[in-house]
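These notes concern the structure reproduced below.
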Amino acid sequence: MHQKHLLLFCLAPIIFISLVSPASAAVKLVDTETYTVDLYGFFKFDATLQDNPTNSLIAPRFAVSGDQSTTGFTAMHSRFGLNIAGPQLPGDWKVKGTLELDLFDASSRNQMQFRTRHVFLTLSKGTVSILAGQFWDLFSPIGPRTMMTNGYMWNTGNLGFRRAQLRVTVAQENFNFAFSLNDPTLQGAISTGLPILQARLGLTLGDKKQYKMGLSAAYGKDRHTAFDVETDVDIVGVSLDWIIPATDNLVVQGEFGMGENLSVFLSRAGVFQDTPINTFDGVNVMSFWAEILYKLKKSSLWLGYAFENLTEDKQLGLGTLQDTSCIFSGIQYHVGGKVSFALEYTHFLSSYLQVNDKAKTNQFIFSAIYGF
């Protein structure tokens, strides 16, 4: 409890400065020859209405059975971050640190708590950079434009998450390559004593380097035990990501991934236990999301589709949630001063193995955002 009070005490003056400072891409807190400190983030209010249930009102990812409408208001998706740079290290290495928090609390929409999203440092020199700390995965690294800040299409097409890691990146003019050792996260993976390995090859093409594509992969081990028999199940995944501007105002982006036992990446594909012969195997999965983004002078519009399918029926029990999908569209209007309002509609559809009735949900989210 004392730690929470201390954190609030430290952040209070920073938040106050952001409120009284002119709106900009970031609030400059310190700017000396040795250090620069910038504050960034946003205050976000969300009002959600659903005609049928989803797995969670505050982090919606797929439809569940039922016919009860629900409504919720929350500000927990607000976010605050600090970027700290300097001093320059011997050998012309540059150092930068980032701390990013939000207010997400799965247990309560009103009694919110600070939660760590990103905490990492980077060392860079020329074309080489080293990242150490908690940041996004290299595997399936980009994410959709959506007001579902903590639903984020996980379990329904989006795979990559964030975790503690040690990453090395080499960037050239038209490509970059990165490799990382990552916290195993799952209890079974922790038991193996091995990190999760991730790598990504990225390409940048076009006159303005505007076309971006990447191929990423992940590998790890996940240990399971039953009746004193121990089995290490592979965690394997490959993913293709793309950001392709069709015009100055129109962008198409998305990801396609497949693999097995990818629950560590917030997939529904975990481990299947074949009880009669007492063996374990990774559940196979295919995932996809894509969206079209269109930007006007004061508005942004998006339209997208996402799905995640568990592809092997023999690995699933009767009534298992097998396929999830959604169609989503939204508009965000920027009134000025970094203040904007957004409205997003999503139709969720979920199907269960050998169950005729599919779960369907229509969801509306209204958001008010003040960025800084």
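From Ser329, Ser300, Ser325, grab the single residue that is more than 20 Å from Ile235 (Cα to Cα) and crowded, with 19+ Cβ neighbours inside 10 Å.
Going through Ser329, Ser300, Ser325 in turn, the sole match is Ser325.
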*Conditions: (1) surrounded by 14 or more Cβ atoms within 10 Å (Cβ to Cβ); (2) at positive phi; (3) touching a helix residue (DSSP H, G or I) at 6+ places or on another chain (Cβ under 9 Å). Lys338 meets all but one. Number of the miss?*
(3)
*Just one of the numbered conditions (1) within 21 Å of Val168 (Cβ to Cβ); (2) surrounded by 21 or more Cβ atoms within 10 Å (Cβ to Cβ); (3) among the charged types (D, E, K, R) is not true of Lys212; which one?*
(2)
*For the range 241-269, name all the residues that are over 26 Å from Gly202 (Cα atoms) and either modelled with pLDDT under 95 or touching a Phe, Trp or Tyr at 6+ places or on another chain (Cβ under 7 Å) (or both).*
none
*In the range 346-372, which residues are within 30 Å of Ala26 (Cα to Cα) and surrounded by 18 or more Cβ atoms within 10 Å (Cβ to Cβ)?*
Ile365, Ser367, Ile369, Gly371, Phe372
*Could you grab me the full set of residues in the range 99-130 that are among the hydrophobic types (A, V, I, L, M, F, W, C) and not in a loop (DSSP other than H, G, I, E, B)?*
Leu99, Leu101, Val119, Phe120, Leu121, Leu123, Val128, Ile130
*Give the number of residues within the range 213-247 that are under 22 Å from the mean Cα position of the chain (by Cα), among the β-branched types (Val, Ile, Thr) and more than 20 Å from Val285 (Cα to Cα).*
2
_Hits in the range 224-249 (condition: of a type in the set (Asp, Glu), within 28 Å of Trp302 (Cα to Cα) and in a strand (DSSP E or B))_ = Asp241
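Restricting to the range 151-161, name every residue that is surrounded by 19 or more Cβ atoms within 10 Å (Cβ to Cβ) and on the phi < 0 side of the Ramachandran plot.
Pass one, the range 151-161, residues surrounded by 19 or more Cβ atoms within 10 Å (Cβ to Cβ): 151-160.
Correct list: Gly151, Trp154, Thr156, Asn158, Leu159, Gly160.
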*If you scan the range 85-97, which residues turn out to be in contact (Cβ under 8 Å) with a residue 24 or more places away in the chain and either surrounded by 17 or more Cβ atoms within 10 Å (Cβ to Cβ) or over 23 Å from the mean Cα position of the chain (by Cα) (or both)?*
Ala85, Gly86, Pro87, Leu89, Gly91, Asp92, Trp93, Lys94, Val95
*asked:* Here are the criteria: (1) in a strand (DSSP E or B); (2) under 21 Å from the mean Cα position of the chain (by Cα); (3) surrounded by fewer than 21 Cβ atoms within 10 Å (Cβ to Cβ). Tell me which single one Gly143 does not satisfy.
replied: (1)
*Restricting attention to the range 125-168, which residues are of a type in the set (Gly, Ala, Ser), without any contact (Cβ under 8 Å) to a residue 40 or more places away in the chain and in contact with a helix residue (DSSP H, G or I) (Cβ under 9 Å, 6 or more places away or on another chain)?*
Gly126
*Take the range 36-83 and flag every residue that is surrounded by 16 or more Cβ atoms within 10 Å (Cβ to Cβ) and on the phi > 0 side of the Ramachandran plot.*
Gly41
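The values are calculated or read from the model by the stated rules, or taken from the named source; none is laboratory data. Model, not experiment: these values are computed from the prediction. No Cβ is skipped: glycine too gets one built from the backbone with ideal geometry, and neighbour counts run over all protein chains shown.
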